[in-house]
Structure formats: C-alpha cells, structure tokens
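Below: one structure, written as structure tokens.
The values are calculated or read from the model by the stated rules, or taken from the named source; none is laboratory data. These numbers come from a predicted model, not from an experiment. Every residue, glycine among them, receives a Cβ derived from its backbone with ideal geometry; neighbour counts consider all protein chains shown.
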Amino acid sequence: MTGSGARLVYLIGPSGAGKDTVLRWLVTHQRQPQRLHVARRAITRSADDASELHEAVTPAEFARLLRAGAFALHWDAHGLRYGIRREALLPLDSGASVLVNGSRAALDEARRRYPDLFVVQMTAEVKLLRQRLLARGREMPEVIEARLSRSALLPVVNVDAVIRNEGTPEQAGRLLIELLEP
C-alpha cells in the first residue's frame, strides 16, 4: 500500500540518453523535504565504474540475492544483471515517490507488478547518443553502433511522459522535477 501522492516512477531510454547524469543532478537539486527518492541499482558491474551511483555486486552475489527474494525488480541487459532491492521502494509506504532507472526490456514486468507505474522516457538524437557513448569509453565503436541499432528497433508505447535530453543535465533535471513534484 502506498501513501497519498506516492508513485513508482520508471525511467527508461536508450544508452547515452543521459539518464544517470540527470539522476545525479536530481539527487542534489530537488526541493526539501525530499519527496522523490532515487532507487540505487545493484549491478554486476565494477564499483570502479563511476558512470552511475550503483551497488556493485558479483554475479554470484546477484544470484544469491535473487534467490533470497531481495529484488522488487530485476533484469539482464548488455551482459550485466540489474536489480532494485525491495527496501529501495519502502519510501512509497511513507507517501514519497521512488524513481527507478529501469529497462525497456523489463517494462512489461514492471507494469505487471506495479499497475500504477508512471513511465518517463528520456531520449536524444542518435548523433548525440553516439557522442555520449563514445565519450563514456566503456565499449568499442562497433558495439555502440549495434546498441544504437537495437534502440531504434525498440519503440516504446504507452509512456506517460517524454523528456528530450539534448541540453544540460540541469535542463532535463528541471523537466523531470516539474513532472514529478506536486
């Protein structure tokens, strides 16, 4: 059961759309008292990767957590495993909203589990996505091109809002705040 005004917000978008950058901006710039909590993801990625604030877990740890029922949501993407711990959603019970950096591939399951899910798609021009992915330096150019091609094939329907993140993190962050804060 969630409190008044509380909702689970599910942010999706292609790699390079700037979701993590905007979420980092949002964490430090939203109004107080904090009515929107950003759920930290558990990812089978090194803790040395500073591209997002995440809980680094080994594949064995992830499997153990999954078996123990620790995740409210989980999915596999890009050779990694992602999970949102159940306790990350507890602010919903206190009337606060929780924002999850989700996956388009797991959207149907998220909607099934959370029928009142509010879905925000963040996007940008393909040229800008490519620039951002290349600047990130995690993948070879051919992997980036394959990722961009896959993104073009995965249209998202039934989103509640779309944010084109082609400016500064502050611009996209303010748009997100306007959408989510009363």
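Conditions (1) within 23 Å of residue 180 (Cβ to Cβ); (2) within 15 Å of the chain's Cα centre (by Cα); (3) assigned to a strand (DSSP E or B), marked per residue:
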| residue | (1), (2), (3) |
| --- | --- |
| 62 | no, no, no |
| 76 | no, yes, yes |
| 89 | yes, yes, no |
| 116 | yes, no, no |
| 133 | no, no, no |
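Of all the residues that make up segment 135-165, how many are among the charged types (D, E, K, R), modelled with pLDDT of 85 or more and under 18 Å from the mean Cα position of the chain (by Cα)?
Selection size over segment 135-165: 2.
Quick check: is even one residue across segment 64-82 under 23 Å from residue 107 (Cβ atoms), modelled with pLDDT under 90 and surrounded by fewer than 13 Cβ atoms within 10 Å (Cβ to Cβ)? I'd like the intermediate steps shown before the answer.
To start, the set of residues in segment 64-82 that are under 23 Å from residue 107 (Cβ atoms) comprises 65-66, 69-82.
Narrowing the set further to residues that are modelled with pLDDT under 90 leaves 77-79.
Filter once more, so that each one left must be surrounded by fewer than 13 Cβ atoms within 10 Å (Cβ to Cβ): 79.
Taking every residue of segment 64-82 in turn, at least one turns out to be under 23 Å from residue 107 (Cβ atoms), modelled with pLDDT under 90 and surrounded by fewer than 13 Cβ atoms within 10 Å (Cβ to Cβ).
Residue under question is residue 138, and the condition is that it be more than 22 Å from residue 35 (Cβ to Cβ) and either β-branched (Val, Ile, Thr) or part of a loop (DSSP other than H, G, I, E, B) (or both); does it hold?
Answer is yes for this residue.
Does residue 35 count as of a type in the set (Lys, Arg), in contact with a helix residue (DSSP H, G or I) (Cβ under 8 Å, 6 or more places away or on another chain) and either surrounded by 13 or more Cβ atoms within 10 Å (Cβ to Cβ) or modelled with pLDDT under 85 (or both)?
Numbers: of a type in the set (Lys, Arg): yes; in contact with a helix residue (DSSP H, G or I) (Cβ under 8 Å, 6 or more places away or on another chain): no; either surrounded by 13 or more Cβ atoms within 10 Å (Cβ to Cβ) or modelled with pLDDT under 85 (or both): yes.
It is false that residue 35 is of a type in the set (Lys, Arg), in contact with a helix residue (DSSP H, G or I) (Cβ under 8 Å, 6 or more places away or on another chain) and either surrounded by 13 or more Cβ atoms within 10 Å (Cβ to Cβ) or modelled with pLDDT under 85 (or both).
Return yes or no: is residue 121 part of a strand (DSSP E or B) and more than 30 Å from residue 60 (Cβ to Cβ)? Quick ask: steps written out before the conclusion?
Working: part of a strand (DSSP E or B): yes; more than 30 Å from residue 60 (Cβ to Cβ): yes.
For residue 121, the condition - part of a strand (DSSP E or B) and more than 30 Å from residue 60 (Cβ to Cβ) - is met.
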